[in-house]
Amino acid sequence: MIIATGFFDGVHLGHRFLIKQLVDAAARRGERSMIVTFWPHPRNVLQDEARNLRLLNSLEEKKALLLDLGVDTVEVLNFTKEFSRLTTEQYLKEYIIDNFGGTAILLGYDNRIGCNSGSTEEIASQASKLGLGVIVADNFDDPSGVTISSTKIRNLLSAGDVAKASEMLGYDYSLYGVVVAGNQFGRTMGFPTANMDLYEPLKLVPACGVYFVQVEIFGRKFKGMCNIGYRPTVSSDHSLTIETNIFDFNEDIYGLDIRISFISKIRDEKKFSSIEALKAQLCDDRNKCLSTI
């Protein structure tokens with residue numbers, strides 16, 4: 001078993017470059033490939049100031065993305081404070097070798113393994129002493145010259161730059177949840193919306209604003225526009241909502257799963273002077289979305 005280990009939040013282009021090397025190495029050796037990852041995020045466990053950290057993937061999304069890349073097996077370890085005290089040697093011996101039958105480990109340039117983790121070279125030395133083969137992955141060079149990281153992608157989404165974030169991810173960023181009842185106000189203006197509650201509360205929600213999106217419901221895909229925000233023109237309760245007007249769609253979908261994939265940001269959220277002004281802006285927003293299809 002050839003193993004790579006890490007959190008892999010987002011499974012972005014840098015991760016994908018490393019994972020391809022894992023899958024290819026396993027194929028060359030006639031072995032299986034495995035990703036060993038963790039949940040929850042170490043920062044959520046170890047750093048009080050990171051309790052509000054939001055993630056790019058739910059655990060199930062991350063596992064699905066990894067398997068789609070050709071990895072044979074994904075194993076998830078429960079990250080606790082006790083687990084965090086394992087040394088590099090203990091982790092490699094107890095988990096990579098004994099638990100998962102690892103014969104070799106693939107190391108990225110910034111791998112950190114164990115509470116006393118050193119450089120990639122030091123981890124490789126420890127692994128070799130335990131009889132593990134070591135494969136040091138090539139570094140990913142983004143054509144734009146920008147280093148890709150989960151943190152940078154989170155920052156882009158928090159600023160509303162969903163297009164750039166999706167470029168770094170290698171796929172459109174999405175939110176997944178269930179359709180819940182709203183106040184029906186959009187319907188009275190001719191813009192009925194599907195309000196959603198997220199299944200994963202730690203999932204990062206992009207910045208407030210209006211977005212051009214793709215909507216997936218019961219295996220069917222539609223285009224639409226999604227408003228993330230507090231609806232300042234029509235509400236004063238300061239509750240964040242995620243509501244989507246689905247183009248050419250008028251079906252009862254309460255209680256159904258919905259996935260919203262972000263294509264581009266149309267504008268910031270703003271408070272309008274009247275309902276008529278809001279409705280006019282929504283018409284402009286829809287036309288702008290339709291003009292890009």
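The values are calculated or read from the model by the stated rules, or taken from the named source; none is laboratory data. Model, not experiment: these values are computed from the prediction. Neighbour counts are summed over all protein chains in view; Cβ atoms, including those assigned to glycine, are modelled from backbone coordinates with ideal geometry.
Within the set of pairs 6+ apart or on separate chains, which have a first residue in segment 146-170 that is farther than 17 Å from Phe7 by Cβ, a second that is of a type in the set (S, T, N, Q), and C-beta atoms under 7 Å apart?
From segment 146-170, the pairs are Val162/Ser264; Ala163/Ser264.
Take the residues in segment 257-293 that are aliphatic (A, V, I, L, M) and modelled with pLDDT of 95 or more, then tell me which one is nearest to Asp197 (Cα to Cα).
Our first condition is that a residue be aliphatic (A, V, I, L, M); within segment 257-293, this holds for 258, 260, 263, 266, 275, 277-278, 280, 282, 290, 293.
Imposing the further condition that a residue be modelled with pLDDT of 95 or more reduces the set to 258, 260, 263, 266.
Values: Ile258: 9, Ile260: 12, Ile263: 20, Ile266: 22 Å.
If we take residues in segment 257-293 being aliphatic (A, V, I, L, M) and modelled with pLDDT of 95 or more, then Ile258 is nearest to Asp197 (Cα to Cα).
What strands (runs of 3 or more DSSP E) completely inside segment 120-199 contain at least 1 residues that are out of contact with any Gly (no Cβ under 9 Å at 6 or more places or on another chain) and closer than 19 Å to Leu56 by Cβ? Show your work before the answer.
Working: elements: 133-136, 174-180, 194-198.
Fully inside segment 120-199 and qualifying: 174-180.
Among the residues of segment 37-74, count how many are surrounded by 15 or more Cβ atoms within 10 Å (Cβ to Cβ) and among the polar types (S, T, N, Q).
Here the count works out to 4.
Take Lys279 and decide whether it is more than 25 Å from Ala165 (Cβ to Cβ), in a helix (DSSP H, G or I) and of a type in the set (Lys, Arg).
The answer is yes for Lys279.
Spot the failing condition for Glu94; the list is (1) surrounded by fewer than 19 Cβ atoms within 10 Å (Cβ to Cβ); (2) within 25 Å of Leu204 (Cα to Cα); (3) among the charged types (D, E, K, R), and only one is missed.
For Glu94, the exception is condition (2).
Among the residues of segment 72-94, is any in contact with a Leu (Cβ under 6 Å, 6 or more places away or on another chain), within 22 Å of Asp24 (Cβ to Cβ) and not in a loop (DSSP other than H, G, I, E, B)?
yes
Got a sec? Which of Phe249, Phe272, Phe222, Phe212 is assigned to a strand (DSSP E or B) and surrounded by fewer than 17 Cβ atoms within 10 Å (Cβ to Cβ)?
Exactly one of Phe249, Phe272, Phe222, Phe212 is assigned to a strand (DSSP E or B) and surrounded by fewer than 17 Cβ atoms within 10 Å (Cβ to Cβ), namely Phe222.
Do you know which residues across segment 200-222 are within 29 Å of Leu59 (Cβ to Cβ) and in contact with a helix residue (DSSP H, G or I) (Cβ under 9 Å, 6 or more places away or on another chain)?
Result: Glu200, Leu202, Lys203, Leu204, Val205, Pro206, Ala207, Tyr211, Phe212, Val213.
Give Leu106, Leu77, Leu130 a once-over and let me know the one that is touching a helix residue (DSSP H, G or I) at 6+ places or on another chain (Cβ under 9 Å) and crowded, with 19+ Cβ neighbours inside 10 Å.
Leu106
For segment 19-27, state whether one or more residues are closer than 24 Å to Leu156 by Cα and either in contact (Cβ under 8 Å) with a residue 12 or more places away in the chain or surrounded by 15 or more Cβ atoms within 10 Å (Cβ to Cβ) (or both). Spell out the reasoning first.
Filtering segment 19-27 down to residues closer than 24 Å to Leu156 by Cα leaves 19.
Remaining after also requiring either in contact (Cβ under 8 Å) with a residue 12 or more places away in the chain or surrounded by 15 or more Cβ atoms within 10 Å (Cβ to Cβ) (or both): 19.
Taking every residue of segment 19-27 in turn, at least one turns out to be closer than 24 Å to Leu156 by Cα and either in contact (Cβ under 8 Å) with a residue 12 or more places away in the chain or surrounded by 15 or more Cβ atoms within 10 Å (Cβ to Cβ) (or both).
Take Ser261 and decide whether it is loosely packed, with under 11 Cβ neighbours inside 10 Å and not charged (D, E, K, R).
Working: loosely packed, with under 11 Cβ neighbours inside 10 Å: no; not charged (D, E, K, R): yes.
Judged against the criteria, Ser261 is not a match.
This table checks each residue for (1) closer than 17 Å to Ala137 by Cα; (2) not in a helix (DSSP H, G or I); (3) not basic (Lys, Arg).
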residue	(1), (2), (3)
Asp9	no, yes, yes
Gly14	yes, no, yes
Val23	yes, no, yes
Ala26	yes, no, yes
Glu31	no, yes, yes
Met34	yes, yes, yes
Lys62	no, no, no
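Got at least one residue in segment 46-56 being without any contact (Cβ under 8 Å) to a residue 24 or more places away in the chain and basic (Lys, Arg)?
Looking for residues that are without any contact (Cβ under 8 Å) to a residue 24 or more places away in the chain and basic (Lys, Arg), one finds at least one in segment 46-56, hence yes.
Give me the residue from segment 124-145 that is β-branched (Val, Ile, Thr) and free of Cβ contacts under 8 Å to residues at least 60 places away in the same chain and, out of that set, farthest from Ala207 (Cα to Cα).
Step one: filter segment 124-145 for residues β-branched (Val, Ile, Thr), giving 134-136.
Retained after the next criterion (residues that are free of Cβ contacts under 8 Å to residues at least 60 places away in the same chain): 134, 136.
Working: Val134: 41, Val136: 37 Å.
Selected residue: Val134.
Return a yes/no flag: does segment 40-49 have any residue that is over 22 Å from Ala137 (Cβ atoms), of a type outside the set (Val, Ile, Thr), part of a helix (DSSP H, G or I) and within 17 Å of the chain's Cα centre (by Cα).
yes
Does Tyr173 count as under 28 Å from Asp9 (Cβ atoms), within 17 Å of the chain's Cα centre (by Cα) and among the aromatic types (Phe, Trp, Tyr)?
Here the answer is yes, as Tyr173 does meet what is asked.
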